[in-house]
1. So for the pair residue 254, residue 106, with labels modelled 7 Å out along Cα→Cβ, what separation do we get in nm?
2. Between residue 328 and residue 275, what is the FRET efficiency for a Förster distance of 22 Å, r being their Cβ-Cβ separation, to the nearest 0.05?
3. Based on other C-beta atoms within 10 Å, arrange 132, 74, 399 from fewest to most.
4. On a 0 to 90 degree scale, rounded to 10, what angle separates helix 292-303 from the longest Cα axis of the chain?
5. Going by average Cβ neighbours within 10 Å, how do the peptides 175-182, 267-274 rank, with the highest at the top?
6. Can you tell me how much longer the chain between residue 318 and residue 187 gets when fully stretched, taken as 0.36 nm per residue apart minus their C-alpha distance, in nm with one decimal?
7. Using only the alpha-carbon atoms, how far is helix 242-252 inclined from the longest principal axis of the chain? Give it as 0 to 90 degrees, nearest 10.
8. Between residue 97 and residue 195, what length comes free when the chain is fully extended (0.36 nm per residue of separation minus the Cα-Cα distance, one decimal in nm)?
Ligand code: DUC
Ligand code: ZN
Ligand code: ZN
Ligand code: ZN
């Protein structure tokens, strides 16, 4: 099967030109003007932007968490991602404390293999680092899982201590991987949470007040210091605020590079959403939404090259699941749905509002994640030999976000009624038209597990 995409404006992280793209099988075979080829199918992209498929390196699909499971499966979540122009996601495997990494991987494989619609990879979350786990790091890297997630919070379930962090980073550096981190001070948060509860302060607002900016700034700084000491490549997930970004900025003064991911919600939403009764539970996530000054810091951080990736931390829960915390904010499952909306929100609010350029858009929505996590140049760009993961986006089409029309398996939207400019019209995944005309044209099981390369620590 061959496809010719004609007359599109091709945007990568570095280029912007009009050309045709010829796809043979799963990959891009030629790029040029008036290519002398005959294809089985032609797509006219005149007036459209032709860009690499989005990569969301932070999603939680069917994740066991806080006594329940996030509500998108690997099937529904990756299908919704495709509708929104994200062709590859990286999901988190969670080691159970006291058990092996291999057991956890087997559990996640049993859910994802044969059910996933879009392409996927896994990060391995190390929640219990010991001699047994140490021996498994190399094996995971050989399986193509080259990133190891850690939690500095959620004590008793997910958190590792600083001893384990140092030891893990030394081993991961040795083996050619990267350590990623949920960088918040778990002990401080546990103390503030307990204090608010003892005072009878139980509404979603107190979720926010139990995780102040300092909890993130302190842990981000600690992580950067440990990464510097061990020499291991480090990546801070879902960074939300000025204090935490300043910790990273400080690390650059000794020429240290710590990769930073923020999520679309931290750029666009703020903590005033918690000032309503239980409705605020829709945005109960960790870390919580911050303030307007933090949004400004994050947009600036993107343009300064300090913030490298815009992801989602997609972790949806049905409203009924959120109600588990009706009388106690600490029992509200943490998380927010966005896997389908990230690319269009970032385009509309970022590119169309003049906050970032088109090249920067591709860089933070796709290319940098591919480079940091060992997927490049298979994924994350439009180039001869790369996978034909391509989106066609109409930069002028207006549309409205709503739970009534989205494809995520969750019964509310964090962006209900938002009017966006810029719509993903057609999505190709490995040379197949996956989305066209608001229809999904690939089946459950089309998505492949993508083995990743060792990381370089450079982009
Ligand atoms: N934060 C969330 O909001 N959900 C999943 C895990 C996390 O760290
Ligand atoms: Zn076991
Ligand atoms: Zn997290
Ligand atoms: Zn997460």
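1. In this crude label model, residue 254 to residue 106 measures out at 4.2 nm.
2. Calculated value: 0.75.
3. Lowest to highest Cβ neighbour count: 132, 399, 74.
4. 50
5. Values: 175-182: 23.2, 267-274: 18.4.
Ranked by mean Cβ neighbours within 10 Å, highest first: 175-182, 267-274.
6. On the way: separation 131, 0.36 × 131 = 47.16 nm, distance 2.87 nm.
Length gained, residue 318 through residue 187: 44.3 nm.
7. For 242-252 against the chain, the angle is about 70 degrees.
8. Working: separation 98, 0.36 × 98 = 35.28 nm, distance 2.69 nm.
Between residue 97 and residue 195, full extension yields 32.6 nm more.
Since every read-out is calculated from the coordinates, none of them should be taken as a lab result. Please read these numbers as outputs of a predicted model, since none were measured by experiment. FYI the Cβ positions are ideal-geometry reconstructions off the backbone, even for glycines, and counts take in every protein chain you see.
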